[in-house]
Amino acid sequence: MDDEIPGMKDVMEWFGYKPVFHDAIILAVDLRRDPNPSLIKLFYWRTKKNFRRDLHALVTFYVEGIESLDLEGWNDNHVSDLDVKYDGESYVMDITSSSGFDGEIRARKISVSVEPLQV
């Protein structure tokens, strides 16, 4: 995931690295027509080497100007990998799931925010 994604610096500062969101839980997908952004909301945390979890947060991706989407599944919704890249023309979000929701979204703009949680 490139740090050129608006908001990614804040995500990286909170977790201390650039996450791939492995084992994150997709809480909501809200697809909207322009000019309103679509939202993908995740619950994510940092897992330490001893498998203890800390730094819990809600991470929200804002997707504007959807050009194409190919999404499938809706089950347990655990993410295996989530990657956002800018290819020079569009932002591309690839979601690979361990079980449930996955696919690709291509859009004019994708940004992200992080909301730290006390769990």
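Taking the Cα centre of the chain as reference, the dipole from Cβ charges on Lys and Arg (+1) and Asp and Glu (-1) amounts to some 540 debye. Ordered by the count of other Cβ atoms within 10 Å of each Cβ, fewest first, W74, W45 give W74, W45.
The lysine pair tally for the range 8-116, using Cα distances under 15 Å and a gap of 8 or more places or different chains, is 5.
Once the C-beta distance of E67 and E4 is scaled by a Förster radius of 22 Å, the resulting FRET efficiency is 0.75 to the nearest 0.05.
For D34 and T47, the difference between the fully extended length at 0.36 nm per residue and the C-alpha to C-alpha distance is 1.0 nm.
Taking 18 Å as the cut-off, the amide N atoms of the range 12-35 that come nearer than this to a point 7 Å along the Cα-to-beta-carbon line of L117 belong to 12, 14-16, 19-30.
Each value in this text was obtained by applying a stated rule to the coordinates, not by laboratory testing. Owing to the predicted nature of the structure, the values given are computational and were not obtained by experimental measurement. Counting neighbours? That spans all protein chains shown, and the Cβs are built from the backbone with ideal geometry, glycine included.
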